[in-house]
Amino acid sequence: MHPQLLTDMSKNVLDIVTEDKLMEIVSDCVSKYKHFPVMTTVLTKLTKSLNVAQLKVAMTLGTKTMGTTEFHSRLATAFLNADMPTKAAAVMKSPAAKITKRDFHQQSLYFIKKNNIKALENLFEISKDFRVSQAQMLDYLVQGYVSADDTAKALTRLEASVQGHVIPLPSTVDLLTRTLTNKNQEIPQILRDAKNSYGKSSV
């Protein structure tokens, strides 16, 4: 099966074939086209079912086609998709992963696009153990909450971060302020105070 065909029909294929058959298709694509189609989706399916045997096959094929670092980034995303943050954190902290700020950026945008707020929350917590801007990670998390129409939780997270000495980015405060204004809701003091912090360095 051509990899583009599998990509186009990935949802139907993943729903109707067994995991063994799925990995046969993937193996065929890797053999013929040097391409592992819909890798994150495939890995998510395997992690949710805890199919260790086929995960090992996927690791072999994934590292062959994308390299060890990129595969580990995709595997971490899959564990987050499967609501397994402890395993995701272990993968991200492994020497082979070499997780960078770019990975957090890409994963955050991916979860926002997929409206996977739980995964975004877990990624936010994991990021605290890495040298990545907590202000930026908070911004991503707030974007996720706003897209899910949950400004209450966004404000709760904002307040907790401020108490943890994180200065929100202007974009974070502006997004929440604009969202609340559009809903004809009162702007809380936490946002008013945050505006006064503009110009100061963020953690």
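Each reported figure results from applying straightforward, stated rules to the coordinates on display, with no laboratory input. Predicted model only: the values in this text are computed from it and were never measured. Every residue, glycine as well, gets a Cβ built from its backbone with ideal geometry; the counts of neighbours run over all protein chains shown.
What the table shows:
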quantity: Å³ per residue enclosed by the Cα convex hull of the range 45-131; calculated: 89
quantity: Estimated dipole of the chain in Debye, rounded to 20 [Cβ of Lys and Arg +1, of Asp and Glu -1, Cα centre]; calculated: 440
quantity: 0 to 90° range, to nearest 10: angle between helix 151-163 axis and the chain longest Cα axis; calculated: 70
quantity: DSSP-loop trypsin sites (Lys or Arg not before Pro) across the range 15-56, with at most 11 other Cβ within 10 angstrom; calculated: 34
quantity: Gyration tensor (Cα) of the chain, equivalent ellipsoid semi-axes in angstrom; calculated: 38, 18, 13
quantity: Residue among 67, 144, 164 with the largest mean-square fluctuation in a Gaussian network model of the chain, springs linking Cα atoms under 10 Å; calculated: 164
quantity: Ratio Rg/Rh, restricted to the range 13-73 and using Cα atoms, in which Rh is the Kirkwood radius; calculated: 0.92
quantity: Those lysines that a straight Cα-Cα span of less than 16 Å connects to residue 93, excepting residues fewer than 8 apart in one chain; calculated: 101, 128
quantity: Estimated [θ] at 222 nm from DSSP helical runs (n ≥ 4, -39500 (n - 2.57)) normalised by residues in the chain, nearest 500; calculated: -22500 deg cm²/dmol
quantity: Cα-derived Rg to Rh of the range 138-200, Kirkwood definition; calculated: 0.92
quantity: Relative exposure of 18, 47, 68, judged by other C-beta atoms within 10 Å (fewest first); calculated: 18, 68, 47
quantity: Fewest-first ranking of 91, 42, using other Cβ atoms within 10 Å as the exposure measure; calculated: 91, 42
